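Chemist: Input: one structure, supplied below.
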Amino acid sequence: MLKDLFYFLVYPGLLFAGVAGGFLSWFDRKITAMVQFRKGPPLLQPYYDFLKLLLVKETILPENGSRGMFLLAPILAVFGATVACVLILLPMFGFHTGFSGDLIVIFYLLSIPSLMYILGALSSGNPLAAMGASREIKLILSYDLTFLLVVAGVILKSGMSIKMTDLLMAQETGGAVIGSVSGILLFIPAVFCIQAKLGLVPFDMAEAETEINHGCFIEYSGICYALIKLSKYILFLTLPAFLAALFMNGLHWDGIHILWSVLKILGVVLLLTLIRNTNPRLKIHQAMKFFFLYMNLLVIIAFILIALGI
Amino acid sequence: MAFKDFIFRKSLWLFHFGGASCNNCDIEILDCLTPRYDVERFGMLLVGSIRHADVLLVNGSINQKDKVRLLELYRQAPKPILVVAIGACGCTGGIFAGGYPFAGPVDQIIPVDAYIPGCPPKPEAIISGIVQLIEKKKTEKAHA
């Protein structure tokens with residue numbers, strides 16, 4: 001029991017994921033600044049932002065909204081992100097945990113933060129937040145099928161097991177999934193799904209700053225917004241780590257493998273940042289078309305290639 | 001308390017309110033975020049919602065209609081919030097000071113922490129004003 005609490009709260013849960021995710025968020029902002037020939041924020045900036053929101057700023061509750069849900073949503077978002085993070089990172093850091101079917105659980109846990117953003121936005125009573133929430137719902141509808149198909153493809157490729165440790169074992173013996181044509185075809189939609197899950201630029205219509213003023217998060221301030229930031233930081237670690245587990249032979253936490261693991265995560269984040277910096281924001285119907293038509297097509301081609309054994 | 005002050009200074013998020021402005025100050029404010037001046041290196045970000053703001057930048061002459069909205073914004077902002085009046089119109093009213101829709105310079109409507117005069121002020125002047133605001137907060141702390 002105490003060990004489980006330690007896993008959840010300290011390592012590799014809340015504290016570790018928050019700190020590492022904050023670093024990745026800084027990395028993202030720094031690369032963005034370098035792409036735009038700027039100097040960029042200092043290393044500790046994400047932690048300053050988080051602590052400022054947590055300790056200094058006042059928390060305002062909406063007068064005409066559902067206050068309970070408004071307060072509960074950020075807490076549940078952090079909870080969902082952290083549990084997903086623990087379930088993903090534990091098998092990779094060499095703790096023999098997990099159960100048959102934990103991939104499915106992780107998949108649904110990863111959609112909890114987005115759902116909570118929607119609930120929080122709808123309970124704030126702000127029309128722009130409602131607009132953001134409706135866009136987020138449409139975005140989830142479009143990328144979730146693709147993401148599920150990608151996970152199914154990886155399962156198909158590595159021995160029909162829905163357990164994280166089996167998946168990692170299969171890649172250990174049979175080579176990383178990304179090392180084949182079908183693996184690369186699966187990797188492309190997966191990267192875009194993660195981009196949409198993180199709400200980064202081509203798919204940030206739910207929190208478009210310039211048109212609907214942060215959309216879902218418009219009413220959040222103080223501690224609530226700090227928790228939302230924390231959940232975003234944790235997702236910034238969790239989703240690239242999940243991608244590394246699915247495609248790149250996982251992370252290993254011993255000897256020289258530490259370097260490779262860090263490079264894998266940084267590489268995925270770099271890819272996300274470069275996509276974010278070279279693309280304009282899509283409209284919601286363009287995003288739906290992008291996922292339903294093109295990305296699903298790629299996944300289906302990958303399925304055929306897997307069936308042929310390529 | 002010193003720690004709280006330190007992190008507040010390190011992460012100031014800006015919200016921009018343009019009154020009945022000629023848009024010159026607006027553009028100079030946006031200039032501060034461009035690669036040449038880059039205020040993000042001080043941890044400053046331009047945010048779209050007043051609920052996330054730490055600094056309220058006000059420019060342009062404030063007329064009767066703007067006054068209501070400015071008061072509403074100030075009321076909705078989470079405290080602590082700093083207010084910076086930018087440009088001649090924001091500081092004193094400028095050439096609009098005698099006009100009939102004019103509702104007074106910003107400091108007669110809400111408390112102002114820093115003034116940045118100029119028509120429009122250069123981006124360097126705006127950055128220097130913000131730095132002086134941060135310094136002022138520091139010395140206030142030292143005296144208290």
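Read-outs: derived from the displayed coordinates by stated rules, not from any lab. What you see is a predicted model, and the numbers here were worked out from it, not measured in a lab. No Cβ is skipped: glycine too gets one built from the backbone with ideal geometry, and neighbour counts run over all protein chains shown.
Chemist: If one takes the longest principal axis of the Cα atoms in chain A, at what angle in degrees, from 0 to 90 and to the nearest 10, does the Cα axis of helix A:127-157 lie?
Modeler: The helix A:127-157 is inclined about 10 degrees to chain A.
Chemist: I would also like to ask the following. What list do you get for A:Met69, A:Met1, A:Met295, A:Met131 if you sort them by fewest beta carbons within 10 Å?
Modeler: Going from least to most buried by this count: A:Met1, A:Met69, A:Met131, A:Met295.
Chemist: Just check region A:178-234 against the gyration tensor rule for me: Cα atoms, a ≥ b ≥ c as the square roots of the eigenvalues, rounded for a/c under 1.5, and otherwise prolate or oblate depending on whether a/b exceeds b/c.
Modeler: Oblate.
Chemist: Give the distance, in whole Å, between the Cα centre of region A:191-219 and the Cα centre of region A:81-157.
Modeler: 15
Chemist: Cα axis of helix A:222-247 to longest principal axis of chain A: angle in degrees, 0 to 90, nearest 10?
Modeler: 10
Chemist: Work through the residues other than B:Glu124 whose Cβ is under 15 Å from its Cβ and net out their charges, Lys, Arg +1 and Asp, Glu -1.
Modeler: Every neighbour counted, the sum reads 0.
Chemist: Can you give the Rg and Dmax of chain A based on its C-alpha atoms, in angstrom?
Modeler: Gyration radius and largest Cα-Cα distance of chain A: 19.0, 59 Å.
Chemist: Taking the alpha-carbon centroid of each part, what is the distance from region B:2-39 to region B:82-143 in angstrom?
Modeler: Cα centroid to Cα centroid, the span is 12 Å.
Chemist: Hey, which of these cross-link pairs are over 20 Å Cα-Cα: A:Lys52/A:Lys232; A:Lys39/A:Lys197; A:Lys229/B:Lys137; A:Lys39/B:Lys137?
Modeler: Where the Cα-Cα span goes over 20 Å, the pairs concerned are A:Lys39/A:Lys197; A:Lys229/B:Lys137; A:Lys39/B:Lys137.
Chemist: Net charge near B:Val84: determine it from the other residues with C-beta under 12 Å of the C-beta of B:Val84, scoring Lys and Arg +1 and Asp and Glu -1.
Modeler: Taking every other residue near B:Val84 into account, the sum is -2.
Chemist: Per DSSP H run of n ≥ 4, the term is -39500 (n - 2.57); total these for chain A, divide by its residue number, and report the mean residue ellipticity at 222 nm rounded to 500 deg cm²/dmol.
Modeler: -22500 deg cm²/dmol
Chemist: In whole Å, what is the distance between the alpha-carbon centres of region A:234-280 and region A:27-44?
Modeler: So the separation of the two Cα centres works out to 18 Å.
Chemist: Given the -39500 (n - 2.57) contribution per DSSP H run of 4+ residues, what per-residue ellipticity at 222 nm results for chain B, rounded to the nearest 500 deg cm²/dmol?
Modeler: Counting only the DSSP helices, I get -12000 deg cm²/dmol.
Chemist: Right, next: Only four residue types carry charge here, +1 at the Cβ of Lys and Arg and -1 at the Cβ of Asp and Glu. Report the dipole size of chain B about the Cα centre in Debye, rounded to the nearest 20.
Modeler: The calculation lands at about 420 debye.
Chemist: Let me ask you something else. In terms of the Cα gyration tensor, with a ≥ b ≥ c the square roots of its eigenvalues, is region B:1-82 rounded because a/c is under 1.5, prolate because a/b exceeds b/c, or oblate?
Modeler: In terms of gyration-tensor shape, oblate.
Chemist: Cβ under 13 Å from A:Val10's Cβ, A:Val10 left aside: what net charge do those residues give with Lys, Arg +1 and Asp, Glu -1?
Modeler: Residues close to A:Val10 contribute a combined charge of 0.
Chemist: Something else: Would you work out if region A:1-79 is rounded, prolate or oblate? Take a ≥ b ≥ c from the square roots of the eigenvalues of the alpha-carbon gyration tensor; rounded if a/c is under 1.5, else prolate when a/b is larger than b/c, oblate otherwise.
Modeler: Verdict is oblate for region A:1-79.
Chemist: Can you tell me, using C-alpha contacts under 8 Å and at least 6 residues apart, the relative contact order of region B:32-120 as a whole percent?
Modeler: 30
Chemist: Using only the alpha carbon atoms of region B:2-143, find the Kirkwood hydrodynamic radius as the inverse mean reciprocal pair distance, in angstroms to one decimal.
Modeler: Here the Kirkwood hydrodynamic radius works out to 15.2 Å.
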